[in-house]
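Colleague: Can you keep this structure in mind? I'll have questions shortly.
The values are calculated or read from the model by the stated rules, or taken from the named source; none is laboratory data. Given the structure is predicted, the values throughout are model-derived calculations rather than measurements. A quick note on method: Cβ atoms are made from the backbone with ideal geometry, for glycine too, and the neighbour counts reach across all protein chains shown. Note: accessible area is taken over every heavy atom of the protein model, side chains too, but ligands, DNA and RNA are not part of it. Shrake-Rupley method; radii C 1.70, N 1.55, O 1.52, S 1.80 Å.
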Amino acid sequence: MKTLDVITIGRSSVDLYGDQIGGRLEDMGSFSKYIGGSPTNIACGTARLGLKSAVITGVGDEHMGRFITEQLTREGVNTDGVKVDPDRLTALVLLGIRDQEQFPLIFYRSDCADMGLTEDDIDENFIRSARAVVATGTHLSHPKVEAATLKALKIAREAGLQTALDIDYRPNLWGVAGHGEGESRFVESAAVTGKLQESLHYFDVIVGTEEEFHIAGGTTDTIAALRAVRSVSDATLVCKRGPMGASAFAGAIPDNLDDGQTGPGFPIEVFNVLGAGDGFMSGLIKGWLDGEDWPTTLKYANACGAFAVSRHGCTPAYPSWEELQFFFERGIVRPDLRKDVDLEQVHWATNRAGDWTSVKTFAFDHRVQIEEMEGYTLEKGSAFKELCLDAALRVQAGRPGYGILCDNRIGRTALHKASGTGLWIGRPTELPGSRPIEFEPELGDDLGGLREWAKENVVKLLVFCHPDDDDKTAGMQVARVKRLFTAARRNNLEFLLEIIPSKVGPVDNETSARLIQTFYDAGVYPDWWKLEPFKSRAAWQNAVDAIERNDPRTRGIVVLGLDAPEAELAESFRLAASFPLVRGFAVGRTVFGQVARDWMADRIGDAEAVSTMADNYTRLCRIWDNARAGAKEEVVA
C-alpha cells in the first residue's frame, strides 16, 4: 500500500515578500513571510488539491527552519523527509513586485541547509512509499545534491514509480548569473545544458517554460530545443507558454507548438508571476496522478497558475480542490482574482489551518469584572490571568481541542505566554459594555494595531445588538463590525463575532437568526460565532440554518456561559451539543469568578487558585464531552 502520492525533492526557503507593490526592492518597508522554494511550494500546492504529499529538503536548526516544518505540517505535507541541519542556515529569499514585467529577488543560499542534502539522507523505504517523485532542476546544479536527487530517482525508477522534472532554471543558482540577477530567467550555458541532459532520461514528464526548454535543449529555437530533449528522453514534454497556456507532447515533436495537446486558458490579470510555475506544476501533478487526459490535466495546471499570478506570495496563493471546483463551475467574474469577494471567501475558508472541530474554551478575557474586584491592581490582575493560563494548560495537557479567551489590557503576559502552546486563542477587541461598539484604544483609529497581533490570535468582537435597534444604532454597529472584519482579513487573522441580544431587548426563537442574517447581508463572514445558550431547539435550529445557508464553510459556533451555575450550563450544553455546528463552549466566571475574588483578597494562594480553576474547567469539559457523546448516541439510535 502506498502511503504517499508524491514526494518532491530540492529547495526550501523562507520567502520574504515585499508588501509595497510597484516599488524597488531597495525601498520596501515591510515584508510578509511565507514558505518557498519550488519543491516546497509544489508539495503544498498538491496537498491543497487533496494529494498526500511529502518533501525531501533541508532546513536549519533554528527559527526559520522550524517555521518551514511547522507550516508544512499546517498545509498537510508529510515532513519525514525534511532534514534538520545543525550546521547550516535555512535559505532566505527576498522578493518584490515592481510591475508586470519586473519581479526583483535575491537568493540567500550560500551553503544553505537544503544544499546540505546527501545520498545518506535518501531513505529507500520512504521513496518507495510514494506513487511519484518530482525533482527540480536546481538540485542538479551541485554534485552533492545532484547525487542525492539521482539516488531518489534511481530508486523510483527501479520501484516502478512515476517521475517528473520541473526544469526550474534559475541562472544565478547555477552560477551563470550574479547575485543581483535573481530575476533572470535565461542565460545560455553549454555546461548547464550538458548537466541537465545527463539526467533527462530519468523522467516520465518534463515541464518547463520555453526558456527552460531552451537551456535543456541547448538552443533558443523552441521546436529544436524540444526535439533535442526528445532525443535523450521519452518523457511527455510540457511546454508552458504564459498567457497562451501550455502544450503537451507525448511523442514526436511537431513543427508548431500549437499542435501539442492543450487545455483551456484563463484570461486573468497578471499581478505576480513569482511561484506561478509551481502552482501550474501542482495542478499538473494532480491531474497526472489522477489519470486524467492531458487536456484536463492542463486545465488544472493552467487554472492553478492563474490563481498564483493573481495573488501575493507563492504557496498562500494556491487553491484548494474545493476552490478550484468552485472556480470551474462559476467562471471568471473579474480578472483580478484576489479582488473577487466570493472566490476569496472560498480560498480563505478552505485553506485555514488547524482542526478545531472541538473547542472547549476557558474565557478569562474579562476586564471590568476583574478591575472591580476588591484588592485589584493591574499587577495583580496580570498575575491572576497567568494563573488562569496555568490552569488551562494543566487541563489541556498538550491535547487538541482546548482554548482560551484572553485580553491584552490586563492579560498581556498570559496572552503572549500562550503563544505556541497549541491552545486556540481568542482576543477581545471591544471596550467592555460599549453600545454602540467602541474598540480598545490599542487598535488605533485605523485598526492598524491588528498588524501587531500574533497570527494565531482570533479577533473576537462582542456586540450588544437586537433586530429592533433603531436604524442609526444598527447601521453604526454593522459598519463597525464590517470594518473590523475587513481589517482582520487584511491581517490574515480569524474573526469571531459574539452577539448578545438578550441584554438589549426581548428574544424569541428568531432573534439571533435575524441578527446573523443581518451581518451576512453586510458582507461579514465570521470564522466563528459565539452565541447565547438558547432555551429551545427551534432557536438553535434557526441560528444554525442561518449560518449554514450563508456560509457552509464556517468554523462553527461556541456557546457562551454568562456566569451561569454548572447545573444550568449542563442543561444548555445538552441542547447545544445536539447541533454538530456547535463546536464547544467559552465559559469564564463559572470557572474563575469566586477564585478570583478570593485570590485578589489574599484568602487563597496561587497553587489553590490554579487547582480549583483546573478542577472547575475539567468538570465543564466533562459535561460538554458527555453532552456531545449523548447527542451522538441519540443520532445513532
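Colleague: Do you know which of the residues in the stretch 362-378 that are touching a residue at least 40 places away in the same chain (Cβ under 8 Å) and in a helix (DSSP H, G or I) is surrounded by the fewest Cβ atoms within 10 Å (Cβ to Cβ)?
Modeller: So in the stretch 362-378, the residues touching a residue at least 40 places away in the same chain (Cβ under 8 Å) come out as 362-370, 373-376.
This time we only want the ones that are in a helix (DSSP H, G or I), so: 368-370.
Numbers: 368: 9, 369: 15, 370: 26.
Checking each candidate, the answer is 368.
Colleague: Scan the stretch 575-605 for residues that are open to solvent by 50 Å² or more (accessible area, probe 1.4 Å), more than 20 Å from residue 363 (Cβ to Cβ) and within 38 Å of the chain's Cα centre (by Cα) and report the count.
Modeller: Total meeting the criteria: 1.
Colleague: Moving to a separate point now. Residue check: is residue 349 among the small types (Gly, Ala, Ser), part of a loop (DSSP other than H, G, I, E, B) and open to solvent by less than 50 Å² (accessible area, probe 1.4 Å)? Steps first, answer last, please.
Modeller: Working: among the small types (Gly, Ala, Ser): yes; part of a loop (DSSP other than H, G, I, E, B): no; open to solvent by less than 50 Å² (accessible area, probe 1.4 Å): yes.
For residue 349, the condition - among the small types (Gly, Ala, Ser), part of a loop (DSSP other than H, G, I, E, B) and open to solvent by less than 50 Å² (accessible area, probe 1.4 Å) - is not met.
Colleague: Whether any residue in the stretch 180-188 is in a helix (DSSP H, G or I) and among the hydroxyl-bearing types (Ser, Thr, Tyr) is what I want to check. Outline the logic, then answer.
Modeller: So the first thing to find is which residues in the stretch 180-188 are in a helix (DSSP H, G or I), and the list is 180-181.
Narrowing the set further to residues that are among the hydroxyl-bearing types (Ser, Thr, Tyr) leaves none.
There is no residue in the stretch 180-188 that is in a helix (DSSP H, G or I) and among the hydroxyl-bearing types (Ser, Thr, Tyr).
Colleague: If only one of 152, 164 is within 19 Å of residue 250 (Cα to Cα), outside any loop (DSSP other than H, G, I, E, B) and among the aliphatic types (A, V, I, L, M), which one is it? Step through it out loud before you land on a result.
Modeller: Working: 152 fails: within 19 Å of residue 250 (Cα to Cα).
Answer to the check: 164.
Colleague: While we're looking at this one, here's another question. For residue 417, are the conditions met, namely being free of Cβ contacts under 8 Å to residues at least 40 places away in the same chain, surrounded by fewer than 18 Cβ atoms within 10 Å (Cβ to Cβ) and over 23 Å from residue 561 (Cα atoms)?
Modeller: Yes, satisfied.
Colleague: Say whether the condition of being in contact (Cβ under 8 Å) with a residue 40 or more places away in the chain, part of a loop (DSSP other than H, G, I, E, B) and in contact with a helix residue (DSSP H, G or I) (Cβ under 6 Å, 6 or more places away or on another chain) is met by at least one residue in the stretch 379-390.
Modeller: Checked the stretch 379-390: no residue is in contact (Cβ under 8 Å) with a residue 40 or more places away in the chain, part of a loop (DSSP other than H, G, I, E, B) and in contact with a helix residue (DSSP H, G or I) (Cβ under 6 Å, 6 or more places away or on another chain).
Colleague: Quickly run through the stretch 1-50 and pick out the residues that are crowded, with 21+ Cβ neighbours inside 10 Å and in a loop (DSSP other than H, G, I, E, B).
Modeller: 10, 11, 12, 37, 49
Colleague: Which of the strands (runs of 3 or more DSSP E) found entirely inside the stretch 58-142 contain at least 3 residues meeting this: among the small types (Gly, Ala, Ser)?
Modeller: Numbers: elements: 82-85, 92-95, 105-108, 130-136.
In the stretch 58-142, 130-136 are the strands (runs of 3 or more DSSP E) which contain 3 or more residues that are among the small types (Gly, Ala, Ser).
Colleague: Any residue at all in the stretch 266-278 that's within 19 Å of residue 45 (Cα to Cα), in a helix (DSSP H, G or I), out of contact with any strand residue (DSSP E or B) (no Cβ under 8 Å at 6 or more places or on another chain) and modelled with pLDDT under 95?
Modeller: Yes, because at least one residue in the stretch 266-278 is within 19 Å of residue 45 (Cα to Cα), in a helix (DSSP H, G or I), out of contact with any strand residue (DSSP E or B) (no Cβ under 8 Å at 6 or more places or on another chain) and modelled with pLDDT under 95.
Colleague: Has the stretch 537-550 got any residue that is part of a loop (DSSP other than H, G, I, E, B), free of Cβ contacts under 8 Å to residues at least 24 places away in the same chain, closer than 27 Å to residue 347 by Cα and within 33 Å of the chain's Cα centre (by Cα)? If you could, list the steps in order and put the result at the bottom.
Modeller: Initially, the stretch 537-550 is screened for residues part of a loop (DSSP other than H, G, I, E, B), giving none.
There is no residue in the stretch 537-550 that is part of a loop (DSSP other than H, G, I, E, B), free of Cβ contacts under 8 Å to residues at least 24 places away in the same chain, closer than 27 Å to residue 347 by Cα and within 33 Å of the chain's Cα centre (by Cα).
Colleague: Say whether the condition of being aromatic (Phe, Trp, Tyr) and open to solvent by 30 Å² or more (accessible area, probe 1.4 Å) is met by at least one residue in the stretch 280-295.
Modeller: Start the filter on the stretch 280-295 by keeping residues that are aromatic (Phe, Trp, Tyr), which leaves 280, 288, 294.
Those still in the list that are open to solvent by 30 Å² or more (accessible area, probe 1.4 Å) too: 288, 294.
Yes: the stretch 280-295 contains one or more residues that are aromatic (Phe, Trp, Tyr) and open to solvent by 30 Å² or more (accessible area, probe 1.4 Å).
Colleague: Could you check the stretch 558-637 for helices (runs of 4 or more DSSP H) lying wholly inside it with 3 or more residues that are under 19 Å from residue 385 (Cα atoms)? If you could, list the steps in order and put the result at the bottom.
Modeller: Numbers: elements: 566-576, 589-600, 606-636.
Because the criterion is at least 3 residues that are under 19 Å from residue 385 (Cα atoms), the helices (runs of 4 or more DSSP H) in the stretch 558-637 that meet it are 589-600, 606-636.
Colleague: Answer with yes or no whether residue 163 is modelled with pLDDT under 90, out of contact with any Pro (no Cβ under 7 Å at 6 or more places or on another chain) and of a type in the set (S, T, N, Q). Break it down stepwise before answering.
Modeller: Numbers: modelled with pLDDT under 90: no; out of contact with any Pro (no Cβ under 7 Å at 6 or more places or on another chain): yes; of a type in the set (S, T, N, Q): yes.
Against the criterion (modelled with pLDDT under 90, out of contact with any Pro (no Cβ under 7 Å at 6 or more places or on another chain) and of a type in the set (S, T, N, Q)), residue 163 does not qualify.
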